[in-house]
Amino acid sequence: WLQLAHNANSAATALSQALVKAGAELTHPVDGNEVFAKLPPGAADRLSKAGATFYPWPDGSHRFVCSWATTPEEVADLAATVG
């Protein structure tokens with residue numbers, strides 16, 4: 001379970017870096033497998049149309065959750081859709 005948790009946390013770190021590079025702003029530190037980010041205009045709609053699962057958060061950001069099975073390709077695809 002430790003390796004699985006490490007995989008999820010590493011995916012979240014990679015996702016946070018990719019989102020920032022694509023123009024998003026992190027609203028909370030990434031301390032586990034969740035990423036909270038304010039997305040650039042239109043990005044949430046593009047992600048929804050592409051089939052991404054994420055959640056609007058009360059502070060205006062969006063919550064992304066990575067699992068043990070999140071792949072680098074999924075992170076790259078999501079980042080490309082944002083930017």
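The values are calculated or read from the model by the stated rules, or taken from the named source; none is laboratory data. Fair warning: this is a prediction, and the values are worked out from it, not measured in the lab. Note: areas computed on protein heavy atoms with side chains; ligands, DNA, RNA excluded. Shrake-Rupley method; radii C 1.70, N 1.55, O 1.52, S 1.80 Å.
With the full set of protein chains in place, find how many percent of the accessible area of the chain is carbon and sulfur; take the probe as 1.4 Å.
On the way: 2860 of 5060 Å².
Carbon and sulfur: 57 percent of the exposed surface of the chain.
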Quick test of the membrane-span-like rule: which DSSP H helices of the chain reach at least 27 Å along their long axis (C-alpha atoms) with mean Kyte hydropathy at least -0.5? 2-21
Considering only C-alpha atoms, what is the centroid distance from segment 1-38 to segment 57-83, in Å? 8 Å
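If you take the square roots of the eigenvalues of the alpha-carbon gyration tensor of segment 31-83 and sort them as a ≥ b ≥ c, do you get rounded (a/c under 1.5), prolate (a/b over b/c) or oblate?
Working: a/c = 1.90, a/b = 1.11, b/c = 1.71.
Cα axes put segment 31-83 in the oblate bin.
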Report ³J(HN,Hα) in whole Hz for each residue of segment 25-42, in order, from the Karplus equation J = 6.51 cos²θ - 1.76 cosθ + 1.60 where θ = phi - 60°; Gly and Pro get x. 10, 5, 9, 9, x, 8, 10, x, 9, 10, 10, 10, 9, 7, 8, x, x, x
With every protein chain kept in place and a 1.4 Å probe, the chain has an accessible area per residue in Å² of 61 Å²
